Amino acid sequence: ASLSLGYSLIRQNNLQPFSLRSNIGYLSNFWSFQGSLDALRTSQEDREDLGRANANLTFEYFLQHNFFLLLSSNFLQNDEQRLELRAATRAGIGNYLLRTNKFYLSASTGGVWNNEQYTGDGLQNRNSVELFVGTEANLYNIGNLNLLTSVIVYPSLTENDRRRTDFRFDVRYN
């Protein structure tokens, strides 16, 4: 588990960003659970406050031959995109292609139910079904450094010509 808070005061235009980053997890021989919350809120003189928050809950059940079942829910709020809430629930299967005590590389695929609610005129709420294909690499326990990267592509099954991509790159130095 970890918790990180950040605050800055920038004199020009009285810019004040506040950030929160937290995670918790549990790993057993048969399953794992991970949860995280990341938030960023900025306020600035003569401008509207902006915010972004992302929460994630993931459950994996380990099978034989490095396969695993995956169930995940992701919640995103983003003022700049006028996204009041995106709730995406994923279910699928994955495989640890490489796994040691300091590194893993995994690939996964499955289905997603995606519900998006927007604020503002001219933006239409969406309720769609998508596929997902993703990969994740995690390098950890290498002294004070941890590296995590993942890419997930979501081609829509119910909306023509719509594809979303989530990219993540985290560097942690203790």
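Within the stretch 116-129, residues that are open to solvent by less than 80 Å² (accessible area, probe 1.4 Å) have Cβ atoms under 7 Å from residues that are of a type in the set (Gly, Ala, Ser) and at pLDDT 85 or above in these pairs: Ser128/Ser156; Val129/Gly111, counting only partners at least 6 apart in sequence or on another chain.
So in the stretch 60-73, with the set limited to residues that are touching a residue at least 24 places away in the same chain (Cβ under 8 Å) and surrounded by 15 or more Cβ atoms within 10 Å (Cβ to Cβ), which one is nearest to Ser106 (Cα to Cα)? The selected residue is Phe68. In the stretch 4-21 there is no residue that is open to solvent by 40 Å² or more (accessible area, probe 1.4 Å) and in contact with a helix residue (DSSP H, G or I) (Cβ under 6 Å, 6 or more places away or on another chain). Comparison of Arg52, Arg82, Arg86, Arg90 shows that the only residue that is more than 29 Å from Ser108 (Cβ to Cβ) and of a type outside the set (Ser, Thr, Tyr) is Arg82. If I ask for residues that are modelled with pLDDT of 95 or more, of a type in the set (A, V, I, L, M, F, W, C) and more than 12 Å from the chain's Cα centre (by Cα), which ones from the stretch 50-82 would you list? Those that are modelled with pLDDT of 95 or more, of a type in the set (A, V, I, L, M, F, W, C) and more than 12 Å from the chain's Cα centre (by Cα): Phe59, Phe62, Leu63, Phe67, Phe68, Leu69, Leu70, Leu71. Looking across Glu136, Glu130, Glu116, one residue alone is in contact with a Lys or Arg (Cβ under 6 Å, 6 or more places away or on another chain), in a strand (DSSP E or B) and within 23 Å of Leu76 (Cβ to Cβ). It is Glu116.
The values are calculated or read from the model by the stated rules, or taken from the named source; none is laboratory data. Keep in mind the model is a prediction, meaning the values are calculated, not measured. Glycine also receives a Cβ, built like all others from the backbone with ideal geometry; neighbour counts cover every protein chain displayed. The protein model used for the area step is the full one, side chains on, heavy atoms only, and it has no ligands, DNA or RNA in it. Shrake-Rupley method; radii C 1.70, N 1.55, O 1.52, S 1.80 Å.
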